[in-house]
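The values are calculated or read from the model by the stated rules, or taken from the named source; none is laboratory data. Predicted model, so just to flag it, every value in this text is computed and none were measured. All Cβ positions, glycine included, derive from the backbone under ideal geometry; neighbour counts span all protein chains shown. Only protein heavy atoms, including side chains, enter the accessible area calculation; ligands, DNA and RNA are left aside. Shrake-Rupley method; radii C 1.70, N 1.55, O 1.52, S 1.80 Å.
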Amino acid sequence: VGLVGARAGLRMVCTDLGEAVTQMAENLAREGAEQSKLLHACEFAWGAESDEELDRACVHAPPRYVLCADLIHDKTLHGSLLTTLAAFGRRGVSTVMTYQRRDSEKEASFLSLCRSGPYAFKVTEHADYATSGVALIELSP
């Protein structure tokens, strides 16, 4: 996702944990000087909500979107993920999320959590991708 965004001229920050960040940074560096101006890799854990933690992931500028791919497979992390996305939402940042449809019960539970409680996102499901087995949703503050 980061490379595609950079090739389109967008400033992208790609995040993960541990050794994956090192590997990601090496892969990004191989893309060349032009993309490296637009790409940054950093370690970032879901659950972050303080300004200092969020600013660490915003090295270029405040983002317009957080792009997430296949992040709802572990139900125990839903709260941490949504805590961080809600913190970005308080800054006016929307989330675009995609995932392979695998477990309709888990997905329904996640979307219900998105719409309720402390998160209360406006959830837009883009049905035109539903037939492909891939979900595309937008979470707006």
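Note on segment 38-64: residues that are open to solvent by 90 Å² or more (accessible area, probe 1.4 Å) and either touching a helix residue (DSSP H, G or I) at 6+ places or on another chain (Cβ under 9 Å) or in a loop (DSSP other than H, G, I, E, B) (or both) total 5.
Within segment 115-128, the set of residues being open to solvent by less than 40 Å² (accessible area, probe 1.4 Å) and either within 21 Å of Ala48 (Cα to Cα) or touching a Phe, Trp or Tyr at 6+ places or on another chain (Cβ under 6 Å) (or both) comprises Phe121 only.
The one condition from (1) open to solvent by 30 Å² or more (accessible area, probe 1.4 Å); (2) assigned to a loop (DSSP other than H, G, I, E, B) that Ile72 does not meet is (1).
Whether a residue is at pLDDT 85 or above, over 15 Å from the mean Cα position of the chain (by Cα) and within 21 Å of Gly2 (Cβ to Cβ) was assessed, and Val134 passes this test.
Can you name the condition, by its number, that Ser140 falls short on among (1) under 19 Å from Ala45 (Cβ atoms); (2) touching a Ser or Thr at 6+ places or on another chain (Cβ under 9 Å); (3) without any contact (Cβ under 8 Å) to a residue 60 or more places away in the chain? Ser140 satisfies all of (1) under 19 Å from Ala45 (Cβ atoms); (2) touching a Ser or Thr at 6+ places or on another chain (Cβ under 9 Å); (3) without any contact (Cβ under 8 Å) to a residue 60 or more places away in the chain except (1). Checking segment 105-114 against the condition returns no match, with no residue being surrounded by 12 or more Cβ atoms within 10 Å (Cβ to Cβ), touching a residue at least 40 places away in the same chain (Cβ under 8 Å) and within 17 Å of the chain's Cα centre (by Cα). When residues in segment 75-104 are screened for being assigned to a helix (DSSP H, G or I) and either in contact with a helix residue (DSSP H, G or I) (Cβ under 7 Å, 6 or more places away or on another chain) or buried (at least 19 other Cβ atoms within 10 Å of the Cβ) (or both), 10 of them pass. Residues in segment 1-37 that are open to solvent by 80 Å² or more (accessible area, probe 1.4 Å), part of a loop (DSSP other than H, G, I, E, B), in contact with a helix residue (DSSP H, G or I) (Cβ under 9 Å, 6 or more places away or on another chain) and of a type in the set (D, E, K, R): Arg11 alone.
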